[in-house]
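Okay, so here's the structure we're looking at.
The values are calculated or read from the model by the stated rules, or taken from the named source; none is laboratory data. In this text the structure is predicted, and so the values were computed from the model without any measurement. A quick note on method: Cβ atoms are made from the backbone with ideal geometry, for glycine too, and the neighbour counts reach across all protein chains shown. To get the accessible areas, we keep the full protein, side chains included, count just its heavy atoms, and leave off ligands, DNA and RNA. Shrake-Rupley method; radii C 1.70, N 1.55, O 1.52, S 1.80 Å.
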Amino acid sequence: MAIRVSGLASGLDTDSIVQELVSAYSKKKDKHVKAQTKLEWKMDAWKALNKKVNSLFKRLGNMKLSTYYNKKTTTISDSTKATISASNSAMNGTQTLKINEVAATGYLTGGKLKDGSKASTTLGELGLADGDKGSIAVKTKKGTVNIDVSSDMKVSEFVNKLKDAGVSANYDSNYNRIYITAKESGKDNDFALTATDENGLKALKGLGLYVNSPANQQAYEQWDKYGVDKDGNPTTDPAKLKENFEYILNTIDKYQGDGAGSIKELQEKNADLKTDLTNLQADRNYAVAFMSLKSALAAKDDAGAEKLTASEQSELEAMLKKTDAELKDDGETDRFNELKEKLGYSDKDFAQLRSNAKAVDNYEADAENLQVIQDIHAAYNDPDSTNKLQAWVDTNTAQIKNVSDEMQANNESIAEKKAYISDNALLTSSAPAAKLTEEELKTMTEAEIAAFKAQDNEKRANMLAAKYQYVQNVKNDTGSFTSDAFRVDGSNAKIELNGVEYESSSNNITVNGITITALQKTAPGETLSITTQADVQGIYDTIKDFLKEYNALIKEMDELFNADSAKGYEPLTDEEKEAMSDKEIEKWEEKIKGSILRRDDNLSSVMNMMTTAMGKSFELSDGKRYSLASFGIHTQGYLDAAENEGYVLHIDGDSEDEVTAGKSDRLLAAIQKDPDMVQEFFQKLSDNLYTKLDKKMKSTTMNSKYSIYNDKKMQRDYDDYTKTIKKWEEKVTAMEDYYYKKFTAMEKALATLQNSTNALSGLLGS
């Protein structure tokens, strides 16, 4: 903003005079600023209201569905044996239940360690000879993990290894025992703790963890399948066992590597094939869309003549590739509709035609597709064969099938190889491969690396053969188990519901919408009863909550429509605000905002639509007509109701409603008598209001989708005000500059005159 110093010669208050001279322009600018501010407040009021309408709309969308009312309540005759919950899909009625077994979590209370033991006690102090090393296998649902033990390993270190292997473990120094438990209940989630060599067995005994259990026996028996030679024939020959183990390890290495026949190689092949498949499918989709588009544009009338000329077909094809917004205003839209009508397709068929045109346009926009485009166009235009393009499509389809078949075969091979690795995971965990460091890999040739792996696998195979023979000897040893250890085996829950047995690793069992949590076994011959029925109160509360939301919204609309007039109040300019306190400004603006939707035609239209829809009656499946009044739901009457509550609905007998609290609750009675009938009515009522709102909120040139007010029109008006205000601001600035220039010229003239007068006075005086 320019800094002006004026009135020095004339003594006039130039700024005030200029402001008065341009005040007419400033007032016109202020008028538009006030109108824009008022529009902005109106937009804010509508946005807040529209959000609440959309909330109701979403609720109505749920209330249209039968699942919204399928609320169930269920009870059991003895809640000390089991607890029950029912989902909406549970069937009404009474069922019988027996709890035959309760699921247990695998648990091991270890025997007492020797006196004086503590967390820092080593396995050497508990029985391993100095320098001895061994292994213990921990089997869980996720697999088998081998723990290497040694004489210098501490009790605390061993416990941590157990945790890493997938079980919960703890050493309690107060009772000098190790405690181990599975992560989850159930037989399949149990754990096993087995020794795979003599020193491993010594460690288990020293730690008080050598116990017999089905889980342990099963883990030992896993080794039995490896008692074969590499051709699958049973053997006890150590050399043949070693040969079989080496064959398995080499096969796993091959599958896990990156060479020929590996999983990685197959996955890389499939990645390339997927790219080929995507390209082939895109080419085929283009050809089909191209054929469909050309065929549709060349449609013929009943006399066999094409409905559009060749030039008209080309003209319409070009326009089909544009959106409505992209069509020019200079008659192109009219021409588009003219050709559309001439072609005579239904809206659905024409939409498909337009979709094909866009697909063709998108494909042809990619320069990489040029050769395929030329091939397809050549096939289509070939005068010697009308079916040449179809033949091209057939060839392409065959290629797609071949690529898909190859990918499927690769996927099946990958699955088989992964299954092989998984089936033999016991071996890789019991004899983990030696790892080469990054530095070693950099300095070794591929041949040296292969030789290292071969030597390592031979070493691992020898180890596994020894483990196998040891396990065969120890698995039936029952004479030296830890005497004071206690083992709880993981077991499944078993129930009988209506005479049919169900089993689960968890005590929570869900059958046909009923979730049963088993707590303890029922006595022999004892039968529990489960009763499921409609949740009357739940359905009632659902309807009541809907009516609360509707009432709050319709009351707010009524208040906004009937608001007190704010005639004479307009938004304040900055100058006007300077003369008022903050509290006065706030009260002034609230007065205007409160009446911003007063007597609004659009608001009136929405209110009438909603109240009319809520007052509608419907014929139900019993052949009778019902309305809200049939269930004791009604308005108080516009004359009797409190201010702005003429459309508010009341439920007879609602204890929270002082208007109808003392009346008989017909809605609750209806739900108790026939919940399906009440559900059917409210589904129809909700669907009707939902449909009316959906139609009202469809996108148009005036409003956006899901908007009950003309948000697009208001935004355009707001933007127009911005442009107009800017023009008036420029006009005010221009006029100010104009007048300041005039006054500046006057000041200069006066100054010159003053100088001349002073000079003349000086001469005369002298």
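Rolling a 1.4 angstrom probe over the chain with all protein chains present gives an accessible area of which 48% lies on carbon and sulfur atoms. Charge dipole of segment 257-308 (Cα centre as origin; +1 on each Lys and Arg Cβ, -1 on each Asp and Glu Cβ, all else neutral): 140 debye, rounded to the nearest 20. A straight Cα-to-Cα reach below 17 Å connects LYS418 with the aspartates and glutamates ASP253, ASP258, GLU265, GLU268, residues fewer than 8 places away in its own chain not being considered.
Each residue of segment 585-596 was assigned a 3J(HN,Hα) from its phi angle through the Karplus expression (A = 6.51, B = -1.76, C = 1.60, θ = phi - 60°), giving 4, 4, 5, 4, 5, 5, 4, 5, 4, x, 10, 5 Hz with x at Gly and Pro. Among 101-112, 35-46, the peptide with the highest mean count of other Cβ atoms within 10 Å heads the list, and the full ranking is 101-112, 35-46.
Using the Cβ of ASP564 as centre and a radius below 11 Å, the other residues enclosed give a net charge of +2, where K and R count +1 and D and E count -1. A simple count of charges around THR532, restricted to other residues whose Cβ falls under 12 Å of its Cβ and scoring Lys, Arg +1 and Asp, Glu -1, yields +1. When +1 charges are put on Lys and Arg Cβ atoms and -1 charges on Asp and Glu Cβ atoms, the dipole computed for the chain relative to its Cα centre reaches about 1320 debye. If you take all other residues with their beta carbon under 12 Å from the beta carbon of TYR638, and give Lys and Arg +1 and Asp and Glu -1, the sum is -4. For LYS161, the lysines whose Cα comes closer than 16 Å to its Cα, not counting residues fewer than 8 places off in the same chain, are LYS133, LYS139, LYS142, LYS183. Beyond 28 Å in Cα-Cα separation lie the following of the pairs LYS587/LYS727; LYS154/LYS230; LYS577/LYS705; LYS58/LYS321; LYS38/LYS696: LYS587/LYS727; LYS154/LYS230; LYS577/LYS705; LYS58/LYS321.
The candidate values are (i) 2, 8, 10, 10, 11, 13, 14, 13, 9, 5, 2, 1, 1, 0, 0; (ii) 2, 13, 23, 27, 20, 10, 4, 1, 0, 0; (iii) 2, 13, 22, 22, 17, 12, 7, 3, 1, 1, 0, 0; the one derived from this structure for P(r) over Cα pairs in 10 Å bins from 0, in percent carries the label (i). Between the residues SER173, GLN520, THR80, the greatest Cα displacement towards the positive end of the dipole of the chain, with unit charges on the Cβ of Lys, Arg, Asp and Glu, is found for THR80.
Under 1.5 on a/c is rounded, so check that first for segment 636-766, then, if it is not, pick prolate when a/b is larger than b/c and oblate when it is not; a ≥ b ≥ c are the square roots of the alpha carbon gyration tensor eigenvalues. Prolate, because a/c is 1.5 or more and a/b exceeds b/c. In the structure shown, the pairs LYS71/LYS98; LYS205/LYS417; LYS42/LYS71 are assessed against 32 Å; a Cα-Cα span above that value is assigned to LYS205/LYS417; LYS42/LYS71. Across the chain, C-alpha contacts under 8 Å between residues 6 or more apart give a mean separation that, scaled by the residue count, equals a relative contact order of 24 percent.
Bridging of LYS27 to aspartates and glutamates at a Cα separation below 19 Å is possible for ASP15, GLU570, ASP574, GLU575, GLU576, GLU578, ASP720, GLU729, GLU730, GLU736, ASP737, once same-chain residues fewer than 8 apart are set aside.
Sequence-ordered 3J(HN,Hα) estimates for segment 419-424 from the Karplus curve with 6.51, -1.76 and 1.60 and θ = phi - 60° stand at 5, 4, 4, 5, 5, 10 Hz, glycine and proline given as x. Averaging the Cα positions of each part gives two centres, and for segment 699-766 and segment 330-364 these lie 52 Å apart. Taking Cα atoms, how many degrees apart are the long axis of helix 310-320 and the longest axis of the chain, rounded to 10 and kept between 0 and 90? The angle comes out at about 80 degrees. Checking the cross-link pairs LYS264/LYS358; LYS28/LYS698; LYS81/LYS187 against a 31 Å limit on the alpha carbon distance flags LYS264/LYS358; LYS28/LYS698 as lying beyond it. Judged by the mean number of other Cβ atoms found within 10 Å, the most tightly packed of the peptides 396-405, 134-143 leads the ranking 134-143, 396-405. Classified by the C-alpha gyration tensor, segment 122-203 has an oblate form. Its axis ratio a/c, with a ≥ b ≥ c, is 1.5 or above, and a/b does not exceed b/c. Between segment 640-676 and segment 494-537, the alpha-carbon centres lie 39 Å apart. In the complete set of protein chains, residue-level accessible area for PHE486 is approximately 130 Å², probe 1.4 angstrom.
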